[in-house]
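The values are calculated or read from the model by the stated rules, or taken from the named source; none is laboratory data. The shown structure was predicted, so the numbers you read here are calculated from the model rather than taken from an experiment. Cβ sites come from the backbone with ideal geometry, for glycine too, and all protein chains shown count toward neighbours.
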Protein chains: 2
Amino acid sequence: MDERAALRLLAADLPGAGDDAAVVDGLVVTTDMLHEATDFPAGTTRYTAGWRAVGASLSDVAAMGATATCAVAAYAATELDASELGDFVQGARDVCETVSAEYVGGDLDTHSEFTTASTAIGRTDDPVFRSGAKPDDLLCVTGELGRSAAAVLLFESGETERANRLFRFTPRVEAGISLRGVATAMMDSSDGLARSVHQLAEASDCGFELDWDALPVHEAVSDVADDDAEARSLSTYFGEDFELVCTVPEADFDAARDALGVPLTAVGRATETTDILADGDPLPDRGYTHGDD
Amino acid sequence: MDERAALRLLAADLPGAGDDAAVVDGLVVTTDMLHEATDFPAGTTRYTAGWRAVGASLSDVAAMGATATCAVAAYAATELDASELGDFVQGARDVCETVSAEYVGGDLDTHSEFTTASTAIGRTDDPVFRSGAKPDDLLCVTGELGRSAAAVLLFESGETERANRLFRFTPRVEAGISLRGVATAMMDSSDGLARSVHQLAEASDCGFELDWDALPVHEAVSDVADDDAEARSLSTYFGEDFELVCTVPEADFDAARDALGVPLTAVGRATETTDILADGDPLPDRGYTHGDD
């Protein structure tokens, strides 16, 4: 059973689950476990790991259109090294600072593998769910795609400093707040653009048509991809970019884009059917899923 | 470096850390990572694991005197088995129900070892810290001690059904709320009574005198301990009982005890010195610390 099958099994039981973060009593809450084998390539510094682990949870808060209140992280390593732990905490604090949240500590453990579990908490009385997309809404993404895919390839080729820098993304909390009240549906791109679009379609009961040429591809992707097809694949399916993927009524798009501190790009449009197409061809529901390999 | 050394190193940097839960903006937040090798003896069901993992975090919320709002958990196993996962979630939901909190889901991952990380969130504008004990306050504990120690020994001897039952404790949220405004200092006994008393002493800058005969020992302890000395040791040093350890002014004790739905037992008294004694002998600062073995 892969993660999505397990999540489907649980969704019926847990009404608060099934979106980027659970909503309860004016709070949004989200937790993520990351570990060395699957999430931190060789060369990832503990500073970057702390930044990225906590940033992944803050990205889920952003995807609800909430303000970010605070984050905690559990840190487990084969041995507790003071310098590594200090670096991790510094990274966690610094990413919190970028979104005006407070890092308030966590738990320590020894474990057979470097493992972190971060939880972020935000506030909003008006969360943006995945389920509100309407036909003809523009499908939009913040920032650029492929950044993490490029980083992983750069780790493999030994360019660890640049890779670490690319791995330390700014969670789109400010953009999420700005899009609240405008976006009809929103989530983050942690599982890749393709999977995100499929999830928005399922939650909103609509289809999508994407325009390949509109995709905002991160400049680092061209340095690692052999050709345009690979660049597109890295930007669409790899995921872990932690950009926002949302739908915005066409009439609101220009104002929403101009109000944002980061780029907002329309890459397609919601449709009446349930087909999910890119330049007319079916877009595979393919991406990063824990537990399926 | 063991966990306490690492925590000391971090405490200076993280003002929100160093108590049972971090306090931020009217919320208390706490996270705990547990894993098979150290926290779930062979025979522990996934239902019990879900109950206990989330219960451990709810216990930290209780120790702040806060109401419990919600909890999330990350669940990682070597493979995602639907039945095991369902049992875990049911246990997590059921322990939340005992304290009127909502279990709102979490994250799934595959991992080399069964590992959970739970986070609980509570609310209070008036948290009880570890630092307020005054000389002559009575040192009190809720419920009974040694329950988890007995359970671990029962797991070893194959009495898994009884052991699982003992492992599923009720977090003392209701008692914590009742003690708010009365208790001058409070924490939970997750690291054992002895270590808790040392931590209260350090935070409150006082000493303690314990009375061995006053210790409320769980009835299961007598079934697994060979003699009174072993029973005392299991009740004092093993920990993971998740009872509340607090200090209460003597004048308030009777009313506080009578208002509680669970037993509240005075087991000693805070003192002016920094000595920590039991029946006149030094009480070792010994207990359960991750990372020191």
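If you check A:S222, A:S235 for being within 14 Å of A:G146 (Cβ to Cβ) and free of Cβ contacts under 8 Å to residues at least 12 places away in the same chain, only one passes: A:S222. Within the range B:180-212, if we keep just the residues that are aliphatic (A, V, I, L, M) and under 27 Å from B:G91 (Cα atoms), the residue that is nearest to the chain's Cα centre (by Cα) turns out to be B:M187.
Please go through the range B:214-238 and pick out each residue that is among the aromatic types (F, W, Y) and part of a helix (DSSP H, G or I). Listed by number, the list holds a single entry, B:Y237. If you check B:S190, B:S157 for being modelled with pLDDT under 95, hydroxyl-bearing (S, T, Y) and under 30 Å from B:A225 (Cβ atoms), only one passes: B:S190. Would you be able to say whether some residue in the range A:49-64 is assigned to a helix (DSSP H, G or I), among the basic types (K, R) and more than 15 Å from the chain's Cα centre (by Cα)? No, there is no match, as no residue in the range A:49-64 is assigned to a helix (DSSP H, G or I), among the basic types (K, R) and more than 15 Å from the chain's Cα centre (by Cα). A search for C-beta distances below 7 Å between a residue of the range A:62-91 that is farther than 22 Å from A:P171 by Cβ and any residue that is polar (S, T, N, Q) and in a strand (DSSP E or B), counting only pairs 6+ apart in sequence or on different chains, returns A:A76/A:T110; A:A76/A:T115; A:A77/A:T110; A:T78/A:T110; A:E79/A:T110; A:L80/A:T110.
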